[in-house]
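To start, the structure under review is shown below, and the notes come after it.
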Amino acid sequence: MLKNKYYVIDFDSTFIRVEALDELAKIVLNNHSNKDEIIQKIIGITSAGMDGGISITGSLVERLNLLNPNKSQINVLVQELKHKISNSIKRNIDFFKQFADNVFIVSSGFKEYIVPVVTEYGINESHVYANTFKYDAEDNIIGFDESNPLCMEQGKAIVVKNLNLAGDIFVVGDGMTDYEITQVGNNVHFYAFIENVSREKVIEKANYVVPNFDEFLYQNNLPMTISYPKNRIKVLLLENIHDTGFNLLYKDGYTVERIKGSLSEDELCEKIKDISVLGIRSKTTVSKRVLDCAEKLVTIGAFCIGTNQIDLDYATTKGVCVFNAPYSNTRSVVELVIGEIIMLFRKTIQQSNKLHDGVWNKSAENSFEIRGKKLGIVGYGNIGSQLSVLAESLGMQVYYYDVVERLHLGNAKKCDSLDELLQESDVVTLHVDGRRENAKLIGAYEFSLMKDNAIFINLSRGHVVDIEALITNLRNGRFLGVGIDVFPYEPKNNKEEFINELRDFDNVILTPHVGGSTEEAQLNIGDFVARRIINYVNMGDTTQSVNLPVVQLPLLKDAHRLIHIHENVPGILAQINQLFAKHNINVLWQSLRTNEQVGYIITDINKTFDKELINELKQITHTIKFRVLY
């Protein structure tokens, strides 16, 4: 145990996430007709007291007068508060138990509800300094001990000074009354704790600002439950990623920055230098140059289906784990395809535009049902196969072609070649990935094979269609209708004008790469990818990674987890285990998975080990990345 260092912790909004008297108000006023109004008054008084805008005595008197609580309600409050411990305090319970003799709770709150909460964390009751209630014969609270310095101005400073602590005093709190303890002497260091509430006046006065208790422990080289404060892990989210993804990452403790648009290669190279987690969609290119600039990058989350915008091979050699969302927006894309097929067969867009111009043209000419029409699906993956099922349920005959052998669903018929599918289909829809081999997959020759008055739809990738050849066929009147959602060049943001000759045709439905852009899809994608990122960063779990060997890991309990990514060469596992034997390490669990490029070794070991072991593991030849989790 460190000697001559003492830790003075505030209770309200620091040890717990809330203000205890505000929570007591909710209990006492549960059935009161003016509940909300009174609670807001109490919250306002609390805030004024913490900012220094009202005296401590006045704050306590005003709140208790509004409440008139009973002792029985304090017991209820205690149970509530036990479930509202600050997250970073809760996960570092071992610190409080280990340093119990040096930890003090100093609060302007009340011992009656503080002691039962903090003693469960190993804190000595004798180290809790707070106010105490006065009761009448029916256990109603009628006031408090007004001789206690903690109900007076400068009360916390007086209490700490009277403790005569000979050594450095570290104060962690969120209010001006906590800052005032610095007046005790030069040996007092004040840390503004902002995990639950951030007060500008307090931050301005603080020696240090800590977003959580992990950061406080890390700055002072004290034992933590986790290996690294999450607030030091920087996340950059580009292209307006859904709030769900942002909120999951933010609430897990990471420092998250969001940018609405994409960044150029130069901009991303500059921005990514201290980023550990990058979140992108389809417009951002993560090139070899970008990855070389990303010294701290651990993982990339592609909040979309494709990953062709990422140099996956190079990311793998750098030990950067990549995730995507292969299923989350499937339904949204399929519904748009079905909708466009119906609208194009019925000439809905042209009819609507004419009516907007005042032209009434009631006619059935070249307007068809989709029932009985032949749908040709190029690419029978997640989207193509689900489209197959929905289209067949609407009465369409489904044909498909894929370079990978795929099992047909329902009555769908597999074509032996792309040419066969193009010649057979009334509607051709593309659902292929963006690999280079698919560039201009559909060009002049392929269009020449299609039926006259066919419908052509592309909701896959812009570069898989030769746009000039498509425009030529449109000018020649070959198509009944066309639906295009993706383009070889797309504007970088919503302010840039979309310039394309396809705008000239009234039988072409143009959409701005929104095939998967529904609220449901973006919510699902945000949730799915963010959770994959969190599981990888926190646990090393590579489940559903697109480039690292997949390992589904158990929860880490009472152990250290060592993550070792290396070039896939023989003998690495043997070298690691030799080092474990050399340092008398007890291996609790171990797994090795490999792919063509890299090996991924996960080892859970007991908590006691020589720190030199870490350096030796990092020095093993062919090591790409090494992390310690606990």
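One residue stands out in the stretch 588-615 among those that are under 16 Å from residue 554 (Cβ atoms) and among the hydroxyl-bearing types (Ser, Thr, Tyr): the one that is surrounded by the most Cβ atoms within 10 Å (Cβ to Cβ), namely 600. Name the residues in the stretch 348-394 that are at pLDDT 95 or above and basic (Lys, Arg), would you? Once the filter is applied, which keeps residues that are at pLDDT 95 or above and basic (Lys, Arg), the stretch 348-394 yields 371, 373, 374. Would it be correct to say that residue 146 is among the charged types (D, E, K, R) and either touching a residue at least 40 places away in the same chain (Cβ under 8 Å) or assigned to a strand (DSSP E or B) (or both)? Against the criterion (among the charged types (D, E, K, R) and either touching a residue at least 40 places away in the same chain (Cβ under 8 Å) or assigned to a strand (DSSP E or B) (or both)), residue 146 qualifies.
Within the stretch 541-581, how many residues are surrounded by fewer than 16 Cβ atoms within 10 Å (Cβ to Cβ) and charged (D, E, K, R)? The qualifying residues number 3. Residue pairs whose Cβ atoms lie under 6 Å apart, separated by 6 or more positions or on different chains, with the first residue in the stretch 303-323 and over 13 Å from residue 278 (Cβ atoms) and the second assigned to a strand (DSSP E or B), are 316/598; 319/565; 319/624; 319/625. Among the residues of the stretch 298-351, the one identified as crowded, with 23+ Cβ neighbours inside 10 Å, among the aromatic types (Phe, Trp, Tyr) and not in a loop (DSSP other than H, G, I, E, B) is 323. Only one entry of 471, 533 meets the criterion of being at pLDDT 95 or above, touching a Leu at 6+ places or on another chain (Cβ under 8 Å) and over 26 Å from residue 331 (Cβ atoms), and that entry is 471.
The criterion of at least 3 residues that are assigned by TED's automatic domain parsing to the domain that holds residue 193, under 26 Å from residue 219 (Cα atoms) and within 36 Å of the chain's Cα centre (by Cα) is met, among helices (runs of 4 or more DSSP H) falling completely within the stretch 1-105, by 87-90, 93-98. Filtering the stretch 427-439 to residues that are at pLDDT 95 or above and either surrounded by fewer than 22 Cβ atoms within 10 Å (Cβ to Cβ) or of a type in the set (S, T, N, Q) (or both) leaves only 429.
Modelled with pLDDT of 95 or more, under 22 Å from the mean Cα position of the chain (by Cα) and closer than 30 Å to residue 290 by Cα, is that true of residue 315? In short, yes. The single condition from (1) within 11 Å of the chain's Cα centre (by Cα); (2) crowded, with 20+ Cβ neighbours inside 10 Å that residue 251 fails is (2). Selection over the stretch 564-622 of residues that are under 32 Å from the mean Cα position of the chain (by Cα), modelled with pLDDT under 95 and small (Gly, Ala, Ser) gives a count of 1.
Within the stretch 243-263, the set of residues being without any contact (Cβ under 8 Å) to a residue 12 or more places away in the chain and hydroxyl-bearing (Ser, Thr, Tyr) comprises 250 only.
For the stretch 197-214, residues that are in a helix (DSSP H, G or I) and either touching a Phe, Trp or Tyr at 6+ places or on another chain (Cβ under 9 Å) or closer than 20 Å to residue 43 by Cα (or both) total 6. Only one entry in 432, 428, 403 is on the phi < 0 side of the Ramachandran plot, in contact with a Gly (Cβ under 6 Å, 6 or more places away or on another chain) and either part of a loop (DSSP other than H, G, I, E, B) or outside the structural domain of residue 478 (by TED's automatic domain parsing) (or both), namely 432. Regarding the stretch 512-523, can at least one residue be identified that is in contact (Cβ under 8 Å) with a residue 40 or more places away in the chain and over 26 Å from the mean Cα position of the chain (by Cα)? No, every residue in the stretch 512-523 fails to be in contact (Cβ under 8 Å) with a residue 40 or more places away in the chain and over 26 Å from the mean Cα position of the chain (by Cα). State all residues of the stretch 65-102 that are crowded, with 21+ Cβ neighbours inside 10 Å, under 23 Å from residue 194 (Cβ atoms) and of a type in the set (A, V, I, L, M); if no residue qualifies, say none. Scanning the stretch 65-102 gives 81, 89.
The values are calculated or read from the model by the stated rules, or taken from the named source; none is laboratory data. Since the structure is predicted, the reported quantities are computational estimates derived from the model, not experimental observations. Note: ideal-geometry Cβ built from the backbone for every residue, glycine included; neighbour counts use all protein chains shown.
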